[in-house]
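Undergrad: Got a structure here, written out as structure tokens. Questions coming.
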Amino acid sequence: MEPTLRPASLAEGEPVRTRSTRMARSGRRRRPSGEAPPLPRALITGRYWLAATGLVVLLWLAALASRTTNNYILAFDLSLLDWAVRLRTDALTNVMQTAHALGSRWTIRVLFWSTVLVLLVFRRFRHLFVFVGAVVGVIALNSLLAYLFMRPRPLGAEILGHWTGAAHPSRPVAVVTATLVGMLYSLVPLGRLRQRGKQVIVVLVAVLSLSLVYLAVHGPTDVVFGAIIGVTIPLVAFRMLAPNEVFPVTYGHGQTAHLDVSGRRGQAIRQGLEDQLGVQVAEIKPFGLSGSAGSTPLRVCVKGDPNSYLFAKLYARSHLRADRWYKLGRTLLYGRLEDEKPFNTVRRLVQQEDYALRLLYGAGVRSPEPFGIVEITPEREYLITFEFFDGAQEIGEAEVEVDDAIIDDGLRIIRRLWDAGLAHRDIKPANLLVRRGRVHLIDVFFAEVRPSPWRQAVDLANMMLVLATRSSPEQVYRRARLQFNDDEIAEAFAATSGITMPSQLRKAMREQGRDLHAEFLRLLPQWTPPVSIQRWSVRRVGLMAGVALLALVALLAALSTFESAGLL
Amino acid sequence: MRRGLLVALACLLLAGCAQQGAGGGFLEPREPACRYQGRQGTAVVILMAQAVPTASQLPCVELLPAGWTVSDVFVRNGRVRFSLDSDRVGLRAVEVVFQQFCTLGEATRVPSDHPDTRRYQEVISIEPGRRYQGAVHYLFQGGCVTYRLDFRSDEQARPLGEVLLALGFVPRDTLRQTLDDFSGGKLPLDPPAASS
């Protein structure tokens, strides 16, 4: 087929606009001002601990502001302590001194560093940063408060244990509690095991607290306030920075980048789809998780006659951050190859995908029809919906026969993208679906308007490589020459090299034990010098130096913090 | 609504912290000062007393000459340490260590400038025009205080005079009395057996 300037109406296959006509849309509803979004952002379990912390702050303020209150608290501590001291026996003292070791620096070091190690091994970096930040934060806050209060150790009682510094709040209790709570929320999956873990922590902290009071190392209010700090800070930190719904603790299966779509979020998605898009949802299921790392893909079954499907992708702030890190990494590794500006908000991220979908669909590329955006939590979570290619198979699957027609169809997609001034930028087997003998292009998030010629050439090379994994380079090259000239094909293979090929494509070629790139090069009548993908600029050098410096400073600061916090 | 509450809480916190200097804390200030608002002893000195419960005297800072500051206060059971920094003779020019026992080495006994104490002094090294290192030990019932001197200047041992004037002692009995007065008799410094 000859290249065209305007998109054809795709008369050869089934019409693209098929699904929306069958999708029953009714009962759309505008959310009135003041009404909560489908999934309001709120702390649930941390609320009580925040309230307890608020109470503690008030008591502290009273103690700071009034000498009488402070003396009253100390006297209250002393009266309780007197009672504990009267219980002292040699045997019980031995037991309590053993229990006191629970709060020793070595216990904390072992717990802390073993948790860090486990989180590193499982590459759970978000949990790692939150854990380290929470524990160091508790130590820092504890030190600050101890300095502010400068409260003595229990007065009038013989102190039988080791201690360092001022008494209030209890540092061993605060740090052990924070470490244990941090371990629980970063290592133990949600469920019965975590509930048991909470009980274990309560017992351990209670034993440590009792021993500290019995040995007169701390007064009762010291250990209580220490425990409140030790629970509240990690709990709130994990709830806010690594919530289980977004970053569940799992072992052995599942990708942590994917959001949990059951429970409240599932209900919110259902409500959002019904209110904002006017579809009646029968079922929502995660779909094709393994092929997506940048969002949570879902298949939505919509009620109708008969029921039909929508494809949906859930985007959250975690995906926004992942996108930022990905782009920073690319800039550092290869320089600014093309427009790699990160997105500022989740809304913009999802708008980009919606725009790309509409652009490609309008350009006549056989890509999914966009169906709309659903707001789940304003500025934090959005769902983008589009046509689901029911019955389609990935081009890499064994059942798909890649013949001349399929090859032509795939290459025609590239030609159409070129003509429309677009690049897909992620041509790989998972993004090429075959249904009823036609190739469909999906996952258009990375699509770019007026890309560099280099990027367009890479799209062509990647398409030819994908097609060749299921046929032969000779066949693909022969068919490609019907739509592209030799110069264009030569440019494509000069532009593409290892890292410009999506990892799935590289893996497919590796599994076949073939160097398809070299095979294509041998077919070319003439070679074009390889296009360098490294782009050097003052900005890139500065950025690399800045990142290296920042990493060094962060490392030194972390080591210094760990040392002063007694963790080294 | 929530933001308003948070702002109110932050204001309260700031107001509370701003008031701390007005004496709400436990025997301000937070340095081992010998006197504060007419009383002998501060919260840090009480902690020191708890760290070395046998000591009859407790080291403290009388009056710092211009250019000297207290730093690195560390108190744990059995050992107390703090430093004096100087803008002339260097950081940690004096390290004060307070324990129940100390090793005197080759120190020579000299007349003590504080009652109920014995003073020993030694010169460790002298780098003419550059550095002076030495030590002063005070022994008293149940405790020992060492001033480790490290003057990095051409003044040699001359700053020692300032140091000896800057540092002093609070008798334990006086501190006990201060605490008694402060708390209206509710807070004893030592356990009953020790104080008797």
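The values are calculated or read from the model by the stated rules, or taken from the named source; none is laboratory data. All of these numbers come straight from a predicted model, not from anything done at the bench. Using ideal geometry, Cβ is built from the backbone for each residue, glycine included, and neighbour counts are taken over all protein chains shown. Note: accessible area is taken over every heavy atom of the protein model, side chains too, but ligands, DNA and RNA are not part of it. Shrake-Rupley method; radii C 1.70, N 1.55, O 1.52, S 1.80 Å.
Undergrad: Taking A:Ala134 as the residue in question, decide whether it is at pLDDT 90 or above and either at the interface with another protein chain (Cβ under 10 Å from one of its Cβ atoms) or under 33 Å from the mean Cα position of the chain (by Cα) (or both).
TA: Details: at pLDDT 90 or above: yes; either at the interface with another protein chain (Cβ under 10 Å from one of its Cβ atoms) or under 33 Å from the mean Cα position of the chain (by Cα) (or both): yes.
Spelling it out, A:Ala134 is indeed at pLDDT 90 or above and either at the interface with another protein chain (Cβ under 10 Å from one of its Cβ atoms) or under 33 Å from the mean Cα position of the chain (by Cα) (or both).
Undergrad: For region A:181-191, does any single residue satisfy the condition of being free of Cβ contacts under 8 Å to residues at least 24 places away in the same chain, over 23 Å from A:Thr561 (Cβ atoms) and open to solvent by 10 Å² or more (accessible area, probe 1.4 Å)?
TA: Within region A:181-191, one or more residues are free of Cβ contacts under 8 Å to residues at least 24 places away in the same chain, over 23 Å from A:Thr561 (Cβ atoms) and open to solvent by 10 Å² or more (accessible area, probe 1.4 Å).
Undergrad: Quick test for you: out of A:Met509, A:Met464, pick the one residue that is modelled with pLDDT under 90 and either open to solvent by less than 70 Å² (accessible area, probe 1.4 Å) or among the basic types (Lys, Arg) (or both).
TA: A:Met509
Undergrad: Right, here's the next one. Can you find even one residue in region A:239-252 that is surrounded by 22 or more Cβ atoms within 10 Å (Cβ to Cβ) and in a helix (DSSP H, G or I)?
TA: no
Undergrad: Mind listing just one residue for me: the one in region B:125-146 that is over 17 Å from the mean Cα position of the chain (by Cα) and under 15 Å from B:Val163 (Cβ atoms) and, of those, most open to solvent (accessible area, probe 1.4 Å)?
TA: B:Gln133
Undergrad: One residue is enough: does region A:358-369 have a residue meeting the conditions over 28 Å from A:Val476 (Cα atoms), of a type in the set (Asp, Glu) and open to solvent by 20 Å² or more (accessible area, probe 1.4 Å)?
TA: Looking through region A:358-369, at least one residue is over 28 Å from A:Val476 (Cα atoms), of a type in the set (Asp, Glu) and open to solvent by 20 Å² or more (accessible area, probe 1.4 Å).
Undergrad: Any idea which of A:Leu333, A:Leu289, A:Leu328 is modelled with pLDDT under 90 and either closer than 20 Å to A:Glu381 by Cβ or buried (at least 17 other Cβ atoms within 10 Å of the Cβ) (or both)?
TA: None of the others qualify; the one that does is A:Leu289.
Undergrad: In addition: For the subset of region B:147-196 comprising residues that are free of Cβ contacts under 8 Å to residues at least 40 places away in the same chain and within 25 Å of B:Thr69 (Cβ to Cβ), which member is farthest from the chain's Cα centre (by Cα)?
TA: Per the criteria, the residue is B:Asp154.
Undergrad: A:Ala75 is checked against (1) under 17 Å from B:Pro188 (Cα atoms); (2) at the interface with another protein chain (Cβ under 10 Å from one of its Cβ atoms); (3) surrounded by 19 or more Cβ atoms within 10 Å (Cβ to Cβ) and fails just one. What number does that condition carry?
TA: (3)
Undergrad: Among the residues of region B:168-184, is any in a loop (DSSP other than H, G, I, E, B) and away from chain A (no Cβ under 14 Å)?
TA: no
Undergrad: Mind listing just one residue for me: the one in region B:76-99 that is over 18 Å from B:Leu160 (Cα atoms) and away from chain A (no Cβ under 14 Å) and, of those, surrounded by the fewest Cβ atoms within 10 Å (Cβ to Cβ)?
TA: Keep residues of region B:76-99 that are over 18 Å from B:Leu160 (Cα atoms), which gives B:76-81, B:98-99.
After this cut, where a residue has to be away from chain A (no Cβ under 14 Å) as well, the list is B:98-99.
Details: B:Phe98: 25, B:Gln99: 16.
Among residues in region B:76-99 that are over 18 Å from B:Leu160 (Cα atoms) and away from chain A (no Cβ under 14 Å), the one surrounded by the fewest Cβ atoms within 10 Å (Cβ to Cβ) is B:Gln99.
Undergrad: Working carefully through the options A:Gln483, A:Gln526, find the one that is part of a loop (DSSP other than H, G, I, E, B), open to solvent by less than 30 Å² (accessible area, probe 1.4 Å) and more than 28 Å from A:Arg330 (Cβ to Cβ).
TA: A:Gln483
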